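Taking it in order: structure first as structure tokens, then the write-up.
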Amino acid sequence: MTNSPLRHEAALTDRSVLAGSAYNTGHDLAARQNLYQWQTPNYDLPGLVSGYLEEVRGTVVDIGCGNGKFIRRLKVDRPDLRVVGTDISAGILAEVPPPVAVADAARLPLADASMNAALALHMLYHVEDIPEAIRELGRVLADDGIVVASTNSDRDKAELDHLWERAAGDVLGIDHGPSRISLSSRFSLEKAPAVLGAVFSDVQVVNLPGTITVTDPAPIIAHMKSYQAWADQHTVPFDETIQRAQELVTAAIQEDGYFEISCLGGLLVCQR
């Protein structure tokens, strides 16, 4: 039993959902980010991004900047840079240090070749026309500029997918429940290099594998609850499935002492 991929894709790119509920504040995004506190190795992702901009001078735009996590780090590490944040959600931008602008990634209010670097971190899967957004990245980037994008693998957090399917099956009274919605599937680590390569001749993939190990179900359940904006995309009662997942994780931790999740995300560092 599965959900419609086309329905999922439409929901992931629906601006009213993205700006109105999924990212109207930084709460749900923070819940997904916070799960990585328990990852080994523990990557300093903002620090890694800052490092790739070591040679950059001038202006950096963080497209789909969300709650401003990367902007805040750049302002500390690189006060010499002018950092601009854009997002389609005015609500989440209220949390971000200025200057910021409400803008669609496929129609940026920026002049040609005006940016010395551009960030597109865990957001291109929300753009309706991904190739168009990547062409827009190329348009605003100076000839010697750099783009740093990020996303997750198709294999990322498979244990959470299995947990959801088991919990959903229990709620529905069947052996195997429907899959949960996947944010990164439209622009996964496997798909991204080819799409970016249509605009950028040099695309470096930096894999960031790891394992999340928790001894308390709370961060896992907070992560799963953060998909509330897409609750109606699941052909199973969302809250009941979350509750059953919590019971299953709690039982696993009581039996084994921990619950483990395999992760695979990555950065894509692009130049012309």
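The values are calculated or read from the model by the stated rules, or taken from the named source; none is laboratory data. This is a predicted model, so every value here is computed, not measured. Here the Cβ positions follow ideal geometry from the backbone for every residue, glycine too, while neighbour counts run over all protein chains shown.
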Here is a list: 96, 76, 100. Which entry is free of Cβ contacts under 8 Å to residues at least 24 places away in the same chain and of a type in the set (A, V, I, L, M)? 76
Residues that are surrounded by fewer than 16 Cβ atoms within 10 Å (Cβ to Cβ) and either hydroxyl-bearing (Ser, Thr, Tyr) or under 17 Å from the mean Cα position of the chain (by Cα) (or both), drawn from the stretch 203-227: 205, 206, 207, 209, 211, 213, 215
For residue 262, state whether it is within 20 Å of residue 35 (Cα to Cα) and surrounded by fewer than 19 Cβ atoms within 10 Å (Cβ to Cβ). yes
Residues of the stretch 174-229 being touching a Lys or Arg at 6+ places or on another chain (Cβ under 6 Å) and assigned to a helix (DSSP H, G or I), which ones? 223
Of the residues in the stretch 141-162, those that are of a type outside the set (D, E, K, R) and either under 15 Å from the mean Cα position of the chain (by Cα) or assigned to a strand (DSSP E or B) (or both) come to 141, 142, 145, 146, 147, 148, 149, 150, 151, 152, 153
Log entry, pairs with first residue in the stretch 38-53 being in contact (Cβ under 8 Å) with a residue 60 or more places away in the chain and closer than 14 Å to residue 150 by Cα, second being surrounded by 11 or more Cβ atoms within 10 Å (Cβ to Cβ) and not β-branched (Val, Ile, Thr), beta carbons closer than 6 Å, six or more apart or on different chains, reads 43/208; 49/70
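Could you say which residue among 178, 209 is in contact with a Cys (Cβ under 9 Å, 6 or more places away or on another chain) and farther than 23 Å from residue 26 by Cβ? It would help to see each step written out before you state the result.
Values: 178 fails: in contact with a Cys (Cβ under 9 Å, 6 or more places away or on another chain).
So the residue among 178, 209 that is in contact with a Cys (Cβ under 9 Å, 6 or more places away or on another chain) and farther than 23 Å from residue 26 by Cβ is 209.
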Residue check for residue 150: hydroxyl-bearing (Ser, Thr, Tyr), out of contact with any Lys or Arg (no Cβ under 6 Å at 6 or more places or on another chain) and buried (at least 22 other Cβ atoms within 10 Å of the Cβ): yes
Residue pairs, Cβ under 7 Å, 6 or more apart or interchain, first in the stretch 173-185 and closer than 15 Å to residue 242 by Cα, second in a loop (DSSP other than H, G, I, E, B) and modelled with pLDDT of 90 or more. List them. 177/236; 178/236; 180/227; 181/227
Just name the residue that is surrounded by the most Cβ atoms within 10 Å (Cβ to Cβ) out of those in the stretch 69-96 that are within 23 Å of residue 31 (Cα to Cα), out of contact with any strand residue (DSSP E or B) (no Cβ under 8 Å at 6 or more places or on another chain) and of a type in the set (A, V, I, L, M). 92
Suppose we filter the stretch 119-135 for residues that are more than 17 Å from the chain's Cα centre (by Cα) and crowded, with 22+ Cβ neighbours inside 10 Å; how many remain? 0
Which of the following residues is of a type outside the set (Lys, Arg), in contact (Cβ under 8 Å) with a residue 60 or more places away in the chain, farther than 21 Å from residue 209 by Cβ and touching a helix residue (DSSP H, G or I) at 6+ places or on another chain (Cβ under 8 Å): 160, 119? 119
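Out of the stretch 248-266, which residues are touching a residue at least 24 places away in the same chain (Cβ under 8 Å) and either closer than 25 Å to residue 188 by Cα or in a helix (DSSP H, G or I) (or both)?
Within the stretch 248-266, the first condition is being touching a residue at least 24 places away in the same chain (Cβ under 8 Å), and the residues that meet it are 248-250, 253, 257-266.
Hits for the stretch 248-266 are 248, 249, 250, 253, 259, 260, 261, 262, 263, 264, 265, 266.
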